[in-house]
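Structure first, then comments.
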Amino acid sequence: MAGDLCNTNIYVMPETPEVVAEITEMYQEQVRWAVEEKADYIILETSPYLGEALLGLEAIKKCGKGLPAVVTLAAYTDNTTLDGVPYAEALRRLEEEGAAVVGLNCARGPGSMIAMLKEIRKVCKGPIAAVPVCYRTTAEQPTMQRLKTDDGKNAFPLNLGSFGCNRADIAEFADECKQLHLQYAGLCCGNSPNLFRTFVEAFGREPLASKYRPDVSKSALMGADAQRAGLAQKIVF
């Protein structure tokens, strides 16, 4: 079981002593709660700032009783954190400061996260985390916040449905994670039971939910009977 910290939405640049003190107090309180409830490790997630992530990591180190820290940044911009540090460099810094696992979560879908993970893999020595949103982001629209509908309007936050990943997208991302030897992988916003089942099965796991895996052989249009009757060949082109 993991304790969880996330972005505070009050971090500002340049840092002020007052804001640093408030964030530190927030993080330390949450870390102490996690320790009291016997968490196995602590996640610090979704910060777009290296500076904020460092404050959270310091709180984990100070109050976490030695619990490992998994620190993931949200990559909203193309090249750097919101405080101007290249993502790979920022994660290397967090690793050097004591994070057991570093990586990316939220904001980006598989299509626009994997290239960044390849660069991160080159500079970080330890385990890498990959936890994308389940939306079809692209190089041109790399985050779910920047996805546009056909009429040019922002899809985020209420109209992301048509951009959702399917099972094949998620299985492909799992394969890419394995090729990069990423040791910590999951799915973020837009996840659903069928997608997560597909994801873990791609890693060779067999969760209890695998009993709900689709059995296309029983499909009225694509199953064995339809194949014998030639129906599938007539309706699927």
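Residues in the stretch 62-75 carry Karplus couplings, in order, of 7, 10, x, 6, x, 5, x, 10, 10, 10, 10, 9, 9, 9 Hz; the curve used is 6.51 cos²θ - 1.76 cosθ + 1.60 with θ = phi - 60°, and Gly or Pro positions show x.
Taking a sphere under 11 Å around the Cβ of PRO207 and counting the other residues whose Cβ falls inside, with K and R at +1 and D and E at -1, yields a net charge of +2.
Normalised per residue, the accessible area of the stretch 81-164 is 46 Å², obtained with a 1.4 Å probe and no contribution from ligands, DNA or RNA. Considering only beta bridges that DSSP places wholly inside the chain, some 15 percent are antiparallel.
Relative to the longest principal Cα axis of the chain, at what angle does helix 17-36 sit, 0 to 90 degrees, rounded to 10? Its long axis makes an angle of about 60 degrees. By its C-alpha gyration tensor, with a ≥ b ≥ c as the square roots of the eigenvalues, how is the stretch 103-196 shaped: rounded for a/c under 1.5, else prolate for a/b larger than b/c, else oblate? Since a/c reaches 1.5 and a/b is larger than b/c, the shape of the stretch 103-196 is classed as prolate.
Could you tell me the calculated FRET efficiency between LEU221 and GLU172, based on Cβ-Cβ distance and R0 = 30 angstrom, to the nearest 0.05? Computed FRET efficiency for LEU221 and GLU172: 0.75. The GluC sites (Glu not before Pro) of the stretch 1-105 that meet both conditions, a loop assignment by DSSP and at most 13 other Cβ atoms within 10 Å of the site Cβ, are GLU37. Taking a ≥ b ≥ c as the square roots of the eigenvalues of the Cα gyration tensor, an a/c ratio of 1.5 or more together with a/b no larger than b/c marks the stretch 1-95 as oblate. What angle, in degrees between 0 and 90 and rounded to the nearest 10, separates the Cα long axis of helix 110-123 from the longest principal axis of the Cα atoms of the chain? Tilt relative to the chain: about 50 degrees.
As a rough guide to protection, the peptides 168-175, 127-134, 157-164, 207-214 ranked by mean Cβ packing within 10 Å, highest first, stand as 127-134, 168-175, 157-164, 207-214.
Could you tell me which of rounded, prolate or oblate describes the stretch 141-237, using a ≥ b ≥ c as the square roots of the eigenvalues of the alpha-carbon gyration tensor, with rounded for a/c under 1.5 and, failing that, prolate when a/b is larger than b/c and oblate otherwise? Oblate. Residues of the stretch 204-222 falling in the label zone of SER192, defined by backbone nitrogen less than 14 Å from a point 7 Å along Cα to beta-carbon, are 214. What a 1.4 Å probe finds exposed on the stretch 12-122 is 52% carbon and sulfur by accessible area, rounded to a whole percent. Here's how it looks for LEU44: its modeled amide H is under 5 Å from those of LEU5, VAL70, VAL71, THR72, which are all 5 or more places away or on a different chain.
Couplings 3J(HN,Hα) for the stretch 206-214, derived from phi with the Karplus relation 6.51 cos²θ - 1.76 cosθ + 1.60 (θ = phi - 60°), are 10, x, 4, 5, 5, 5, 9, 4, x Hz, where x marks Gly and Pro.
For the chain, the longest principal axis of the Cα atoms and the long axis of helix 167-179 meet at an angle of about 50 degrees. Between amide H atoms placed 1.01 Å from N, distances below 5 Å from ALA2 occur with ASP40, all of them 5 or more places distant or on a separate chain.
The values are calculated or read from the model by the stated rules, or taken from the named source; none is laboratory data. As the structure is a prediction and not an experimental result, all values here were calculated from the model. Note: ideal-geometry Cβ built from the backbone for every residue, glycine included; neighbour counts use all protein chains shown. Calculation scope for accessible area: heavy atoms of the full protein, side chains included, ligands and nucleic acids excluded. Shrake-Rupley method; radii C 1.70, N 1.55, O 1.52, S 1.80 Å.
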